[in-house]
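Some notes on the structure that comes next.
The values are calculated or read from the model by the stated rules, or taken from the named source; none is laboratory data. Bear in mind that the values here come from a model prediction, so they are computed numbers and not experimental data. Quick reminder, even Gly has a Cβ in these numbers, built from the backbone with ideal geometry, and neighbours come from all protein chains shown.
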Amino acid sequence: MSNNKKHVLFIGAGRMAQALIKGINKNEFSILVGNNGNEDRLREVKETFEVETTNHWSQEIHKMDIIILAMPPESHDDILAKLSKDISGQLVITVAAGIGPTYLESRLPKGTPVSWVMPNTAAKLCKSMTLYALGQNVNQEQQGWIEALIYDIGEFEKVTEQQIHELTAVTGSAPAFIYRVAEALEKITLESGVNKDQARKLVANMIAGSAEMLKTNAAPAELADEVATPGGSTAAGLEILDTNHLDRLMIDAIEACRQKAMRQE
Ligand SMILES: NC(=O)C1=CN([C@@H]2O[C@H](COP(=O)(O)OP(=O)(O)OC[C@H]3O[C@@H](n4cnc5c(N)ncnc54)[C@H](O)[C@@H]3O)[C@@H](O)[C@H]2O)C=CC1
Ligand SMILES: O=C(O)[C@@H]1CCC=N1
């Protein structure tokens, strides 16, 4: 695709848009960014990522191959109504929680190819775990564009629309849960008198190492057992987590994300 760059318009220039823009391969995609009039934000994006920006995105639609909606879920109805006037077969992708292909197809002209891509903020380090699902009208070439877009931001998995509804909480939101755990551990670590950099090094590498262990496909329970020397210190800590139902807390947190993201068709 490198000799034939695809033209991508981002609508929305916030945190998720920037994480994606940073990661996407600029040799394959030419990026234009618009939003709802926040010029300071557009200037910042232009300077940081060396991409083009526009104050009038609707005038640029006809030049685009792909339109990525990276604004809040609640702005979609309005933007989709505006897009519908100018669109002519462009691939429309949303990254918004709760906005699946069915939602997009019901609001865009018949036959519009649509996709739902659910990355996480680690996209800016090319470490996102991204999910994607296709609408009914996406052809093979367009599926190739989607995979090329997300190839450079980390790992990806094609799943169903329903699965993204259910799993956004796990791959999109749960990084925030891990950061909360890290915050607590960093606070505790600092109390031992190490400095901030040392505390970050200890906690971040511990989490990164644990993630690598998980990638070996060993069961999490086995890995925990391996850490917990019989009669040793770790078991005492695990007992506190188990007695206080960490698993239940996690289920409740995931369920709260799902409820909030749910959008009626
Ligand atoms: N932050 C995250 O980790 C993830 C976010 N998402 C999704 O990404 C989308 C954006 O979220 P964030 O970047 O976190 O929010 P954000 O608040 O940082 O950015 C939102 C952007 O949308 C723009 N915007 C708002 N209304 C608009 C409109 N009517 N027209 C054009 N632009 C408009 C804002 O100016 C801003 O640039 C959401 O739909 C969210 O569900 C998906 C996966 C992960
Ligand atoms: O908090 C949110 O709504 C978005 C969706 C997944 C991660 N962030």
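Things worth noting here:
- From A211, A224, A256, residue being part of a helix (DSSP H, G or I) and either of a type in the set (K, R) or exposed (fewer than 12 other Cβ atoms within 10 Å of the Cβ) (or both): A211
To keep it simple, each residue is scored yes or no on (1) surrounded by 17 or more Cβ atoms within 10 Å (Cβ to Cβ); (2) under 23 Å from G111 (Cα atoms); (3) among the aliphatic types (A, V, I, L, M).
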{"site": "I31", "(1), (2), (3)": "yes, no, yes"}
{"site": "V51", "(1), (2), (3)": "yes, no, yes"}
{"site": "W57", "(1), (2), (3)": "yes, yes, no"}
{"site": "D65", "(1), (2), (3)": "yes, yes, no"}
{"site": "A81", "(1), (2), (3)": "no, yes, yes"}
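- Some residue of the stretch 83-92 being within 16 Å of ligand 2 (Cβ to nearest atom) and out of contact with any Phe, Trp or Tyr (no Cβ under 8 Å at 6 or more places or on another chain): no
- Here K127 meets the list (1) under 15 Å from V95 (Cα atoms); (2) of a type in the set (D, E, K, R); (3) within 16 Å of ligand 2 (Cβ to nearest atom) almost entirely, failing just condition (1).
- Scanning the stretch 152-176 for residues that are more than 15 Å from L134 (Cα to Cα), under 13 Å from the mean Cα position of the chain (by Cα) and at pLDDT 95 or above gives G154, E155, L167, T168, A169, V170, T171, G172, S173, A174, P175, A176.
- From the options E105, E47, residue that is free of Cβ contacts under 8 Å to residues at least 12 places away in the same chain and assigned to a helix (DSSP H, G or I): E47
- Qualifying residue in the stretch 174-193 (condition: small (G, A, S), within 16 Å of ligand 2 (Cβ to nearest atom) and not assigned by TED's automatic domain parsing to the domain that holds F49): yes
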